[in-house]
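Data first, discussion second: the structure below is written as structure tokens.
The values are calculated or read from the model by the stated rules, or taken from the named source; none is laboratory data. The model shown is predicted, which means the values in this text are computed figures rather than measured ones. FYI the Cβ positions are ideal-geometry reconstructions off the backbone, even for glycines, and counts take in every protein chain you see.
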Amino acid sequence: MLPSLLAGLGLGFSLIIAIGAQNLFVLRQGVRREHLLPVVAVCAASDAVLILLGVSGIGLVLQAVPWLIVVVRWAGAAFLLGYAVLAARRALRPSGETLRVDPTASASTGVPDADGTALRTRTTLAATVVTCLALTWLNPHVYLDTVFLLGSVASTHGDGRWAFAVGACLASLVWFTALGFGARYLGRWLDTPRAWRILDALIAVVMVAIAISLVLPH
């Protein structure tokens, strides 16, 4: 069973460690130190569910309804474009956001500090979780990687396929935990409004690129 578990761990890491919408969202939440534990939990749990579905053979069922992936692809592209627009607005219309948090600030507006600098505002937990779920479940690459690919490879391990699944789930949990909670150490480079504008601009560009890649002919 150990070889299967290690194989799942290795393939899981190789698929998940890449610049993508989900990873960028976790990274941003980690830097902001905002609702990080729920975000990591949602990402890891979602991956676990998809991996287990793939290993159980649900991928064969999905192959019988190819139009479902098309629907998810367009829905995911639309959501990513919307998220990119929000990130671009933050980059083009700076609010002086820093890593400081004003606990009395609302979820949508900033409250100026004594020196006139706007403090970082917080997003509600519900909005954060919904965004995280959308970035995960509206991404067709997630189904292709976790359900189809991991499920197909797991089937080659015979009775060890569930150990393979455990290894892949463990890779997801370790990665998102390390990415989210390790991102706080980037705070020293992101403690100025300009740094946040650059980060949001990069996020917008990557989101648009991913959205385009989803709808282009494959």
State whether the residues of the range 91-110 include one that is basic (Lys, Arg), part of a loop (DSSP other than H, G, I, E, B) and modelled with pLDDT under 70.
-> yes
Close pairs (7 angstrom Cβ cut-off, 6 or more residues apart or separate chains): in contact (Cβ under 8 Å) with a residue 40 or more places away in the chain in the range 172-185, of a type in the set (Asp, Glu) anywhere = SER172/ASP47
In the range 144-196, anything more than 18 Å from ASN23 (Cβ to Cβ), of a type outside the set (D, E, K, R) and not in a helix (DSSP H, G or I) is listed as THR156, HIS157, THR192
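Hey, among the residues in the range 1-53 that are outside any helix (DSSP H, G or I) and either under 18 Å from VAL130 (Cβ atoms) or among the hydroxyl-bearing types (Ser, Thr, Tyr) (or both), which one's modelled with the lowest pLDDT? So that I can check it myself, show each step before the final result.
Initially, the range 1-53 is screened for residues outside any helix (DSSP H, G or I), giving 1, 17-20, 33-35.
Still in the list and also either under 18 Å from VAL130 (Cβ atoms) or among the hydroxyl-bearing types (Ser, Thr, Tyr) (or both): 34-35.
Details: GLU34: 90, HIS35: 93.
Filtering first and then ranking leaves GLU34.
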What residue, among those in the range 126-157 that are at pLDDT 80 or above, surrounded by fewer than 20 Cβ atoms within 10 Å (Cβ to Cβ) and small (Gly, Ala, Ser), is farthest from the chain's Cα centre (by Cα)?
-> ALA126
